[in-house]
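Report on one structure; see the data block that follows.
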Amino acid sequence: RCPGCGSEALVEDALYAQQQLVCAACGCVLAEGLLTTTYSEEEHLREVAYSQSTGQKEQLSRCLQRGIRRVQDLCKVLQLPATFEETAVSYFQRAFQLPAFHLVSLEKKELLGGCCVFVTCRQHNWPLTMGTICSLLYAKQELFAGVFLSLQRELGLSVPALSLADLVKTHLSSFQLFQPSANIPAPFLEDKEKLVARTMGIVELASKAWLVTGRHPVPVVTAAAFLAWQSLQPRARLSCPLARFCKVAGVDLPPPAHLRLKELLEILLGMASQLTWLRGFNLDKKTVVKHVGDLLQHRVFLLKNAFCQEEEWADGATGQGSRGQGSPGQDSPSSPLVTKKKGCPLAGKRQCEGPLRPLLPPCLIHPRKRLRPAAPSTSDSALTGDEPISDSEIEQYLRSPEEIQAFRKAKAW
Amino acid sequence: IKDDFSTGPHLFTPMSPYDVELPIQATKDVFHSQFHQPKTFHTDYSSVDLSFLPDVTQDNTEQSLSSDGHEMQKEPDGSVPRSKYSGVSEDESNVSHTAATQPSPETSGVCPPLTPMTPITPASSASEISGIVPQLQNIVSTVNLACKLDLKNIALHARNAEYNPKRFAAVIMRIREPRTTALIFSSGKMVCTGAKSEEQSRLAARKYARVVQKLGFPAKFLDFKIQNMVGSCDVRFPIRLEGLVLMHQQFSSYEPELFPGLIYRMVKPRIVLLIFVSGKVVLTGAKDRSEIYEAFENIYPILKGFKKPS
């Protein structure tokens, strides 16, 4: 009788030259090379069934196998080096065992694989954005974000920041402007090295001018690439809008890119006002593009002089009047301080005066939030929490019998 | 003389150091010609001469400032705070608000032995005390009313109640004073949110319990506990988050693709800080307000160390 399935259909079969006693129903090998005469002998000599061997514990669950396959596929699609695949798979296996990821929805388990690939790339400074991974996984970004943060926490991984320089190179590689093709008009074609170099310069400038911190990186790169491309052949390209540029280049136009472009142009215009040979011209946001090369070349000097570099400010970043030592009657303060900073009388934390706007993040230049209301009054701060509560105060929250009747009728409770 | 000009004009007020409409008009000119270092112009009250206060010497000032010396800092006029925190909350409105503030009655007439002409050199640790006090924005507390509740009944009989069993299995109740919201569950457990202080939260929770009592349920008030406190403040200078995440990688998470702020998980005290490029900081995860203050005092020198010297 077969110990595996109980069938009596035992067959003597030969594996090569070795005689074997095999169950015809389930294929379980009962004995090799020996013919036993008693049932107990058969049992003793039978092979250990696979289900009872340690092999079962090493067998991966179907879900885990599927997940690992997904991770491997993702790495192949993204053309990542082989070492990345190993690391990503090991992260996935580790995470999969943790209770935090064991009992989650299948959707999340899918994302877990993507997160492991993403983390691996970031750890090797491979500029993969979340947007890319999410589109590959057809995932919602919020869900991805949640899984990513839990993964980081549970495995204790340190994920280095996205390198902007690498992102520029990678993002620009996806622009279809470097090879002549049927649907790309000649004026659109550009040399890749030149475009990358100039875009990097603009992105670096944006970073110094506080346009990058706290913002999504891709729209900044898109806007910078557009400006760089325009500035390399301004005559032909100034008339082309950002949307058309992105369409021809075959890249998505992220909505914030328009705003980033506006901010970049504002910075460039400010800088241009400090270039002696440009002061004569009345530059606007179209014409300043022609001079981007010069502006980038002298950016350190220009940034310092075009904007008030003082990074602290008096009460209220914008226009709280001239509080502080800038008020009239204080002519002495400016003189010893003006030596280094042209046109920006500074002395410690005070507002910038004159025409120069401070070099601050845009959220501080144009604050949208209303000022915080006054702090609790003194009577509140004397609260103990054990004050007596009057009946009348509580009764105001209770419905009168008429109201209850009316509600009962209306809602048919 | 070293960088001690901070003892000048803002010696007498815990308010904005830029508010020069102070009683010490005469001394302004003397000091202004000496001011040249931007870094001295910040809300640094640690250099204030506190010798007139009893039991506070220059030596133990720094120690007490780091733990709970806030009341010491905040009241150079010598007035004793009514309760541990009342003085702080009074003055923090003057310090951390951008709205125009009036000189508080206590400080306007002050003229103790303090003279602006005797600046005190701050010790190195003291110069890192921020002088900024985070303001509490939200307190979450729980309490056990210890009786089973009929939520439908409560929603019918209370004016300020909302009950949508398909959406959420609790009654959402609100009161006007203190302005808070409560989630009341059929088990008798209740969550109270929206208060701006521990006392307010407790008072509000008691009011909700009274409402439930008046609706006919034998509600008690057991195990009141503050579960979470949220505070916020402004350090007044922009912060390069990309640099901060590099320096403090093991505590920080900055993903501009996900969220514009940097998430800093401080270990001691165990507080999560959201740090934004504008210099605004949100602190959360505290069970006691001292944790919020301590966390901010820990992060401030880190953030300050990041400021570009101008």
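I'd like to check something: does region A:30-44 contain any residue that is more than 30 Å from A:E107 (Cα to Cα), within 60 Å of the chain's Cα centre (by Cα) and either at pLDDT below 75 or among the polar types (S, T, N, Q) (or both)? Scanning region A:30-44 turns up no residue that is more than 30 Å from A:E107 (Cα to Cα), within 60 Å of the chain's Cα centre (by Cα) and either at pLDDT below 75 or among the polar types (S, T, N, Q) (or both). B:Y300 meets the conditions (1) under 28 Å from A:P358 (Cα atoms); (2) touching a residue at least 12 places away in the same chain (Cβ under 8 Å); (3) over 14 Å from the mean Cα position of the chain (by Cα) in every case but one. The failed one is (3). From the list B:P238, B:P269, the one residue that fits, being surrounded by fewer than 18 Cβ atoms within 10 Å (Cβ to Cβ) and either part of a loop (DSSP other than H, G, I, E, B) or β-branched (V, I, T) (or both), is B:P269. Evaluation of A:L364 against the conditions (1) under 21 Å from B:G279 (Cα atoms); (2) modelled with pLDDT under 70; (3) outside any loop (DSSP other than H, G, I, E, B) shows that the sole unmet condition is (2).
Restricting attention to region B:254-266, the residues that are in a strand (DSSP E or B) and facing chain A (nearest Cβ under 7 Å) add up to 1.
The single condition among (1) among the small types (G, A, S); (2) surrounded by 16 or more Cβ atoms within 10 Å (Cβ to Cβ); (3) not assigned by the TED database to the domain that holds A:K262 that A:G201 does not meet is (3). Just one of the listed residues (A:A165, A:A139, A:A88, A:A145) is within 14 Å of chain B (Cβ to nearest Cβ), over 30 Å from A:A197 (Cβ atoms) and not in a loop (DSSP other than H, G, I, E, B), and it is A:A145. Looking only at region B:138-171, filter to residues that are assigned to a strand (DSSP E or B) and hydrophobic (A, V, I, L, M, F, W, C); which one of those is surrounded by the fewest Cβ atoms within 10 Å (Cβ to Cβ)? Filtering first and then ranking leaves B:V140.
Given the structure, is B:K220 assigned to a loop (DSSP other than H, G, I, E, B), out of contact with any Phe, Trp or Tyr (no Cβ under 8 Å at 6 or more places or on another chain) and outside the structural domain of B:I154 (by the TED database)? In short, no. Taking (1) assigned to a helix (DSSP H, G or I); (2) farther than 22 Å from B:Q249 by Cα in turn, A:C121 satisfies each apart from (2).
The set of residues in region A:195-219 being more than 8 Å from chain B (Cβ to nearest Cβ) and not in a helix (DSSP H, G or I) consists of A:A209, A:L211. A:E193 - would you say it is out of contact with any His (no Cβ under 7 Å at 6 or more places or on another chain), in the same structural domain as A:L296 (by the TED database), charged (D, E, K, R) and farther than 23 Å from A:E266 by Cα? Here the answer is yes, as A:E193 does meet what is asked.
Scanning region B:226-252 for residues that are within 7 Å of chain A (Cβ to nearest Cβ) and not hydrophobic (A, V, I, L, M, F, W, C) gives B:R236, B:P238, B:R240, B:E242, B:Q249, B:Q250.
The values are calculated or read from the model by the stated rules, or taken from the named source; none is laboratory data. All values derive from a computational prediction rather than experimental measurement. Every residue, glycine as well, gets a Cβ built from its backbone with ideal geometry; the counts of neighbours run over all protein chains shown.
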